[in-house]
Amino acid sequence: MQQRLEGSPSSRMSSSGSVYQGIFPNSRIGNSASPNGGASPSFTLPIVDMNENDDTELLSITWNQDYRCFAAGTSHGFRIYNCKPCKETFRRDMKSGGFKIVEMLFRCNVLALVGSVANSHYPPNKVLIWDDYQSRCMGVLTFRSEVRGVKLRRDRIVIVLEHKIYVYNFTDLKLLHQIETLANPRGLCCLSNHSNTFVLACPGLNRGQVRVEHFGLNVTKLISAHDSQIACLTLTLDGLLLATASIAGTLIRIFNTMDGTQLQEVRRGADRAEINSIAFSPNVQWLAASSDKGTVHVFSLRVRVSGEDSLNQPNIAQGPALFHQNSSTSLDPLISPNTGANPNSAFSFMRGLLPKYFSSEWSFAQFRLPQSTHLIVAFGSENDVIIVGMNGSFYRCSFDIVHGGEMVQQEYVRFLKFENRP
């Protein structure tokens, strides 16, 4: 029997409220009622069979939750790629236009889509829950302002607007939480991805502040991460560690999300840069960062989490540390005993005598790209780093876990070719 969500929840939301159309995951949804009255057409997108489009533009690139795939939003639709090796698994080219946000849910057939300005059917203020197995939209969330970001878990949908974040239950699209933020045009928000912890991190209401929500524990933590505005942030898979960078782009800081303490600080460089992406390795021994300078840096971390080895075995009890999250003893200590001299700084013996710059923890390994573009990074394995660029480039490189230094390129693919362009 077809289910339906009645009415608009805008009366119990802010002026950027949403309208529900449809419900997930009922696989038999057809003509959901329009909130404005009357029957609306079936939520299907007209798909056109197209060969490689010479005029295709890349609008966005995003990882799935385990970094084994990435999604590309294009001016004609979207494409999904595997990472090892880099290979297109499928694409959808739409007559209506492209998508500026394509958010995957691990490797299943469900995606969240947000149309580009040029999309004639779905503008940037609508979020589509798309079931690619059925090639149809199973639900729509419509807002009064542009959607800046979408994050998915198996049990939640998180929608990011410029000044507010909405958290919905996935099964019935019920609104569960609302979070006010400082102006957030980048759509910054990240989630933990273990089933028995739900941690969300986003900008707070003050400049340089990060708000961390431990929904399972009903705990909110406000962290003063930087003096300037937050530019990038990420969580470990279990949400116990947070890494942040500001618009200055020189320093990256790692925090304990339970008590907000700073555990480590690493330095990308001395000059300003726009940090596009930060990623923890699965074993939380390394941190990678990309910026508009065209260099990807890998940092050695001195933090550790109880039961971190279990993160590489997601099918085995989801990690012992997570069963004890309500006990602070499972988080102590998060910092390793080796907290003395910085092994990456030749001036560490003069710590406290020279300016902080000279005793900074610099990157352990680096990979320099031939041209600068917006990049996202992730770890493929212990010493494999995956780099995807908005110029249609894919790199997989490796680093020496003992000596560091320059990374070695293992794979290069042009996953999207701009044949009309020089």
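Take G340 and decide whether it is open to solvent by 10 Å² or more (accessible area, probe 1.4 Å), farther than 19 Å from S228 by Cβ and modelled with pLDDT under 90. Yes, satisfied. Being in contact with a Gly (Cβ under 9 Å, 6 or more places away or on another chain) and at positive phi holds for only one residue in G249, G239, and it is G249.
Scan the range 89-108 for residues that are on the phi < 0 side of the Ramachandran plot and in a loop (DSSP other than H, G, I, E, B) and the total you get is 6. Listed by position, the strands (runs of 3 or more DSSP E) contained in the range 364-422 that have at least 3 residues being surrounded by fewer than 17 Cβ atoms within 10 Å (Cβ to Cβ) and at pLDDT 90 or above are 408-414. Selection of the range 88-129 for residues being among the charged types (D, E, K, R) and open to solvent by 10 Å² or more (accessible area, probe 1.4 Å) yields E88, R91, R92, K95, K100, E103, R107, K126. Working only within the range 250-286, note down all residues that are hydroxyl-bearing (S, T, Y) and closer than 19 Å to Q209 by Cα. Of everything in the range 250-286, those that are hydroxyl-bearing (S, T, Y) and closer than 19 Å to Q209 by Cα turn out to be T250, T257, T261, S277. Just name the residue that is surrounded by the most Cβ atoms within 10 Å (Cβ to Cβ) out of those in the range 262-280 that are part of a loop (DSSP other than H, G, I, E, B) and touching a residue at least 24 places away in the same chain (Cβ under 8 Å). Among them, the one singled out is R268. Would you confirm whether or not the range 67-79 contains a residue that is buried (at least 20 other Cβ atoms within 10 Å of the Cβ), free of Cβ contacts under 8 Å to residues at least 40 places away in the same chain and not in a loop (DSSP other than H, G, I, E, B)? Checked against the condition, which is being buried (at least 20 other Cβ atoms within 10 Å of the Cβ), free of Cβ contacts under 8 Å to residues at least 40 places away in the same chain and not in a loop (DSSP other than H, G, I, E, B), the range 67-79 yields at least one hit. Do we find that L141 is surrounded by fewer than 17 Cβ atoms within 10 Å (Cβ to Cβ) and either of a type in the set (D, E) or not in a loop (DSSP other than H, G, I, E, B) (or both) in this structure? It is false that L141 is surrounded by fewer than 17 Cβ atoms within 10 Å (Cβ to Cβ) and either of a type in the set (D, E) or not in a loop (DSSP other than H, G, I, E, B) (or both).
The values are calculated or read from the model by the stated rules, or taken from the named source; none is laboratory data. Owing to the predicted nature of the structure, the values given are computational and were not obtained by experimental measurement. Cβ sites come from the backbone with ideal geometry, for glycine too, and all protein chains shown count toward neighbours. Just the protein is used for accessible areas: all its heavy atoms, side chains included, with ligands, DNA and RNA removed. Shrake-Rupley method; radii C 1.70, N 1.55, O 1.52, S 1.80 Å.
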